[in-house]
Amino acid sequence: MKMPARELASRRVAQGLIGLCLVGAGLAGGQAVAQTQSQSAPVPNVDQGPGIDVPPGDSQIPQGSVAPLGPQGPRGPMPPGVNGVAGSVAEAEASAAEPPRRAYHVQASVGALETYSNNLQLSSTNRQSGGISSLNGNLSLIADGKHLNGFLVYDPSAMFYSSGGGNQWLNALSSQGTYEAFDQRFFLDEAASVTHQSISAFSTQSAVLGTTNSNLTEVATLRVTPRVVTRVGSDMVFNAQVTEGVTRSKGTSLGDQNYTNYTVSLADSHKDAKAGWSVNYAEDRTEYTRNSGATQQAERLYAALMFRPDPDVSLAARAGKERDNYLTVNPETSNTYGFDANWTPSPRTQVTSSWDSHEYGNSYELKAQYRMQRSIFSLSDSRAVNVNGTTQTSLQQTYFSLFYALYANSVPDPAQRTNFVNTLLASMGLNPNAPAVGGFLAGGLTMSHQVTAAYTLQGKRDTFTGMVFSNTTSTLAPAGIESGDLSVSSFVRQRGVNLNLTHQMSAQTSAVINALYQHADGSTADLSNTLKSLTASLSTKLGVRTDASVGLRRTEFESSLQPYTENALYGSIQRRF
């Protein structure tokens, strides 16, 4: 039966209002204060399934959904924990492939965390022992409808300290959505995040959130992108979009910026053809509020040719002109060219690469992944300019955002990849919101070289994950723009290792050991520090929807400025609804 035009219009308006609510909630959450780490370890079930070999599935989110906030990402592009506590790494296969059952989904949880620390202030001269009581909640809103796809996750925490400081209310927000106003023609994308970041890579670092650390601040980011996609004739597609972004930090203007992007493209519409073409124009403009509105901008006009000589191989080449003021006060014009090469010799092996030449420095990205029945190896090596606050790799990465990026090849669909990563982290006893790779705030454009390698091996009762990372960041800001750490050092290099071992003791109980090593250094010997942390925890199920855990933590921070050691005992309980 055909729906009356008035009723159809009313339904579209209602869906539009829901989309605007997602955008508005992301903007409101941008004013909130940051994120805390729940140290409870979810309890996986014993798995006898086929392992972690997860083939990519069909996309459940419309083409053109906003990209994840990445490493940015500050917290990660999809809602951690929206599917509850998953069973094991192998259950990622089932959860990733499972289609959505409802167009709209609401989930909530509440919990309590009690921590006793012998060094609440993380200080070598003002050591204070005491307790930290935390009441935390989670509200997840998921939309997977015909015209509205996205999520909004809000994680509030009330922190109460027995000594050494006042109580505080912490908030974490992650939101992403795409609203299709007209069938495959007009889209509205939104992405928002509120996270905790280190202000300086050379000051006090901590392995968890919740202890007193003046070097931590909250960073709020919002991005809104209206897009128009329309067919031109029978063989071409026209795409135009405008992105407005804003980044704000609490207690400091370092890293505060306003970002605008304009993108227009005309491309061949034959997606399955062996050859194709496109013409593209893009303009970026970044304004830094800390530096009296200093602006860095770039324009790029280029043409690209695509070629698929084999179903397993795709190639692309591009060339054009770009104009920017990255290295000079006044914009200068230069040539730019680059290529893409992707190879998928088997469903288990994927390699993607890209390279571009620029006047300010070449950029590239290489990703490789190999999957076996019960193991996955991933490698990522990239060098790129951080254009705006939503994608700065100098921002701290969470476990979720890091693993989300690492498994982009094997699980390309965003919804399926979210389920897979959440299941993987749950089996490892890791909080998706906890910092995995160190970061810092920068006051201007930066060039980052980031290398990450990860390996996961699952047995019937044991799961091992090892990760090594290296991130070297230098500034592209001209003289006069304050760049934080990059104002006192020509580069910031952060390297580390993260190891995790999970043992399934029974269907209800698991033990987890996590070890972290992180080292940061700069261009002078005094700009260096080392963070080492070892955590052991025991988790169990108290019911179908209730989990509890206890754990011990040892942290050592070596620095010429403010070294410290800390021992902590914690226990938590979480109830899902």
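The values are calculated or read from the model by the stated rules, or taken from the named source; none is laboratory data. Values in this document were obtained by computation on a predicted structure and should not be read as measured data. Because the Cβ atoms are built from the backbone with ideal geometry, glycine has one as well, and the counts that use them run over all protein chains shown.
Per-structure values
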| quantity | calculated |
| --- | --- |
| Matching residues, the stretch 537-574, being surrounded by 15 or more Cβ atoms within 10 Å (Cβ to Cβ) and under 13 Å from residue 113 (Cα atoms) | 547, 548, 549, 550, 551, 568, 570, 571, 572, 573, 574 |
| Only one of 302, 259 that is out of contact with any Pro (no Cβ under 6 Å at 6 or more places or on another chain), surrounded by 16 or more Cβ atoms within 10 Å (Cβ to Cβ), closer than 30 Å to residue 484 by Cα and of a type in the set (Phe, Trp, Tyr) | 259 |
| Residue in the stretch 553-575 that is β-branched (Val, Ile, Thr) and free of Cβ contacts under 8 Å to residues at least 60 places away in the same chain present | no |
| In the stretch 245-291, the residues that are outside any strand (DSSP E or B) and over 20 Å from residue 220 (Cα atoms) | 269, 270, 271, 272, 273, 274 |
| Failed item in (1) farther than 16 Å from residue 113 by Cβ; (2) surrounded by fewer than 21 Cβ atoms within 10 Å (Cβ to Cβ); (3) touching a residue at least 24 places away in the same chain (Cβ under 8 Å); (4) not polar (S, T, N, Q), with residue 534 passing the rest | (3) |
| Filter result for residue 314 (under 20 Å from residue 354 (Cβ atoms), among the polar types (S, T, N, Q) and out of contact with any Lys or Arg (no Cβ under 8 Å at 6 or more places or on another chain)) | no |
| Unmet criterion (only one of (1) under 30 Å from residue 487 (Cβ atoms); (2) in contact with a His (Cβ under 7 Å, 6 or more places away or on another chain)) for residue 276 | (1) |
| Residue among 248, 285, 227, 290 that alone is basic (Lys, Arg), surrounded by 15 or more Cβ atoms within 10 Å (Cβ to Cβ), modelled with pLDDT of 95 or more and within 26 Å of the chain's Cα centre (by Cα) | 227 |
| Selection from the stretch 306-361 of residues that are outside any strand (DSSP E or B), surrounded by 13 or more Cβ atoms within 10 Å (Cβ to Cβ) and either free of Cβ contacts under 8 Å to residues at least 60 places away in the same chain or small (Gly, Ala, Ser) (or both) | 312, 331, 358, 359, 361 |
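Conditions (1) under 22 Å from residue 214 (Cβ atoms); (2) modelled with pLDDT of 90 or more; (3) touching a Pro at 6+ places or on another chain (Cβ under 7 Å); (4) outside any strand (DSSP E or B), marked per residue:
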site: 84; (1), (2), (3), (4): no, no, no, yes
site: 92; (1), (2), (3), (4): no, no, no, yes
site: 101; (1), (2), (3), (4): no, no, no, yes
site: 112; (1), (2), (3), (4): no, yes, no, no
site: 121; (1), (2), (3), (4): yes, no, no, yes
site: 125; (1), (2), (3), (4): yes, no, no, yes
site: 131; (1), (2), (3), (4): yes, yes, no, no
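Residue-wise test of (1) of a type in the set (Asp, Glu); (2) more than 29 Å from residue 525 (Cα to Cα).
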{"position": "544", "(1), (2)": "no, yes"}
{"position": "547", "(1), (2)": "yes, yes"}
{"position": "550", "(1), (2)": "no, yes"}
{"position": "553", "(1), (2)": "no, yes"}
{"position": "557", "(1), (2)": "no, no"}
{"position": "564", "(1), (2)": "no, no"}
{"position": "567", "(1), (2)": "no, no"}
{"position": "570", "(1), (2)": "no, yes"}
{"position": "575", "(1), (2)": "no, yes"}
